[in-house]
Structure formats: structure tokens, C-alpha cells
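Bear in mind these aren't lab numbers, they're just calculated from the coordinates by the rules spelled out. In this text the structure is predicted, and so the values were computed from the model without any measurement. Positions of Cβ are generated from backbone atoms using ideal geometry, with glycine treated the same way; all protein chains shown enter the neighbour counts.
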Amino acid sequence: MANLKELRSRITSVSSTMQITSAMKMVSAAKLNKAQMAITAMRPYANKLTELLQNLSASLEGDSASAYAEQREENKILVVAIASNRGLAGAFNSNIIKASKELYENVYSGKQVDFVTIGKKVNDIISKTHSVVSNKNEVYDDLTFANVAAIAEELMEYFTSGSYDKIVVVYNKFKNAATQEVITEQFLPIVPISGEAATNTNLDYIFEPSKEEIVEQLIPKSLKTQLYKAIRDSFASEHGARMTAMHKATDNATELRDALKLSYNKARQASITNEILEIVGGAEALNN
């Protein structure tokens, strides 16, 4: 009977876990719908704005070139690692941590590499072994363009002041609910379009005011939009990853519960059979 009691306890525990994971799946699905619409709506605008700025930057030379496009020897690197404040999202956070450490250990080995973390999970791990100059977990409390723009301005200041020679962003790009791609994207300096791509997009524009003024006004906005897009991509990816993880957890809990119920029924049947055999055996002993 002790075995039956243990099985009943496990069935109750697994059923409770299944209800929790199922509820979390539905919550993430609702949040994913809103986050997906947001990133889908802004991605074409952000990509076109970045392309336009790259074209204009490529056409500027000498003293006219923007300070944000200045190419330097890459001695001091700043990595912006974007993850989430919460777990239970499969490999979502661990993939960003792995990619960030890969940059430190292999891509920029022997150079000064510091981090700006966005997300509690990545900050908790990276800060133990690497230099974190700033932590921006609070941006998820109110994910607006204005709040992200403040972070982008801080990054731009790091670059223009010479504190860092290169700034890269690591984040999960949203593809669909089940697929997220880890992206390492150069934030600063701006990478101008070159070669055949520049030739194909070099159209004859009339600029008013001057090309230089347009570039200087649009570059900060473009960089803010680029960072906002990356965080929005990561935000949608987080909910997609969590929904998928909770869906799998619910399926696994359902399978385990069914297996435990089967074991419980078999054990109960065996117990009843033993009781019947004992009763029959006792009756036969009395008759003899």
C-alpha cells in the first residue's frame, strides 16, 4: 500500500506541474502575438533606414565622414549581450551567454572586452567572470523606444569619446515561435556598403539640406532604431522560446502522468489480486 500511496503522490505532483506549464504556455502565446506584430511591423522600416544610412556614409569622404563611421584599430571592444530577466525559456538565455563568451575567448582574444548586459539571466553569469560596465535589466519593465534610445545614446557616447573602438550587439533574432537565430551585429562604427552592393544602390539623389547634415541628423536615430529592433527581436524570441519550452514540458508531464497512472492501476490490481488470494487461501484452510 505504501507503493500505491507514493504513486498517488507523484501523480498529483505531476498533474499540478502540468497545469502550471500549460498556463505558462498560454500566457507566453498571448504575449508572443503582441511582440511578433511589433517586430514584424518595425523590421522593414529599421532595415531600410539602416541601408539608407550605410549608402550615405559610404559616399562621404574625408572631413565630411561621420564620427560614428570612424574606423579604428580594434583594441577595446564592447559587447552588448541581450537576453531576458526570466528563465524557463529553453536554450534562449544560454545561447546568448555562449555566443558572448565565444567573442571574448576566440574572436577578440587578447583584446580588452567589456560587456553591457540587458537581461538578468545573462548578467548573473557574465558578471561572475567578465567586466560588466553597465546593466540594463530595467528596460523590460517598460519596453519603449524612449527607454531604449537612452541606452543607445550611452553606447554612442562610449564610441565617440574613444572609450571603445568597436561595439557589437548579440541577440536572438525572431524567426518563428520555434526558431530563434543568435545574431552578432556590429553597432559601431557604422559599416558602409561597399563594392558591388554600393554600386547597385548608388542612386542620383538631390539632397536638401546637404548630404552631411542629413547624415548627422539621421545616424543617431538610425542607431537608436537598430538597437530597439534588436531588443524587440529578442523580446519576441523570448516568448516564442518560452511557449515552445512550456509546450514540450506539458507534453512530457502528460506522458509521465499517464505512465504513472498505468503503474498505479497495475499495482492496485496486483494488490487486490493478492488480497483475494489471501482470502481464498484462508477459506480453504478453514475447510480443511
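Assorted remarks:
- Residue pairs exceeding 31 angstrom between C-alpha atoms, taken from Lys5/Lys120; Lys111/Lys224; Lys25/Lys76; Lys25/Lys136: Lys5/Lys120; Lys25/Lys76.
- Principal-axis analysis of the Cα atoms of the chain puts helix 120-129 at an angle of about 80° to the longest axis.
- Fewest neighbouring Cβ atoms within 10 Å first, the residues Asp251, Asp165 line up as Asp251, Asp165.
- Relative contact order for region 25-245, counting Cα pairs under 8 Å that sit 6 or more residues apart, in percent: 34
- Rounded to the nearest 10 degrees, the angle from helix 2-59 to the longest Cα principal axis of the chain is 10 degrees.
- Ordering 216-227, 129-140 by mean Cβ neighbour count within 10 Å, with the highest value first, yields 216-227, 129-140.
- Fully extended contour minus Cα-Cα distance, from Ser15 to Glu275, at 0.36 nm per residue: 90.6 nm
- Label-point separation, Gln186 to Asp251 (7 Å along Cα→Cβ), nm: 4.1
- Comparing Cα centroids, region 102-180 and region 255-277 end up 54 angstrom apart.
- Counting only DSSP beta bridges whose two residues both lie in the chain, roughly 40 percent are antiparallel.
- Residue exposure proxy: Leu286, Leu262, ordered by other Cβ atoms within 10 angstrom of their Cβ from fewest to most, comes out as Leu286, Leu262.
- Over the chain, dividing the summed -39,500 (n - 2.57) contributions of all DSSP H runs of at least 4 residues by the number of residues returns a 222 nm mean residue ellipticity of -22500 deg cm²/dmol.
- Taking Cα atoms only, the orientation of helix 92-102 departs from the longest principal axis of the chain by about 50 degrees.
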